[in-house]
Amino acid sequence: MRTYANKKPSVSSTGWDQVFHEKGIYVYESDKYYDFYRVTAGSDRPKYFFGETAWMDCQRYVVDKIGMVGYTVFS
């Protein structure tokens, strides 16, 4: 069951489900918390997004990395 926390949860407290892969960008969604995403891009450190605008911030980050195809992350 997924829950919603008021503050950013610990990264290790959740599992991750892959929701997008394109041009070396991987987007994962938490299997435990709503609005918690992880994006890995090549050899860069993973970037985490949490909260009310997390999906939009995550999508904007992906678009900045790979272009317009990033708009299909949550389609």
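What follows is calculated from the coordinates using simple rules that are stated; it is not laboratory data. Owing to the predicted nature of the structure, the values given are computational and were not obtained by experimental measurement. Using ideal geometry, Cβ is built from the backbone for each residue, glycine included, and neighbour counts are taken over all protein chains shown.
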From the set of residues in the range 60-75 that are of a type in the set (D, E, K, R) and out of contact with any strand residue (DSSP E or B) (no Cβ under 6 Å at 6 or more places or on another chain), which is surrounded by the most Cβ atoms within 10 Å (Cβ to Cβ)? 60
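For every residue, the table says whether it meets (1) within 14 Å of the chain's Cα centre (by Cα); (2) of a type outside the set (Asp, Glu).
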site	(1), (2)
41	yes, yes
53	yes, yes
57	yes, no
68	no, yes
Just give me the residues in the range 47-61 being in a loop (DSSP other than H, G, I, E, B) and without any contact (Cβ under 8 Å) to a residue 24 or more places away in the chain, in sequence order. 52, 53
Residue that is nearest to residue 60 (Cα to Cα), among those in the range 8-46 that are assigned to a strand (DSSP E or B) and of a type in the set (S, T, N, Q): 40
For residues that are of a type in the set (S, T, N, Q) and more than 19 Å from residue 72 (Cα to Cα), scanning just the range 1-59, find the one that is surrounded by the most Cβ atoms within 10 Å (Cβ to Cβ). 14
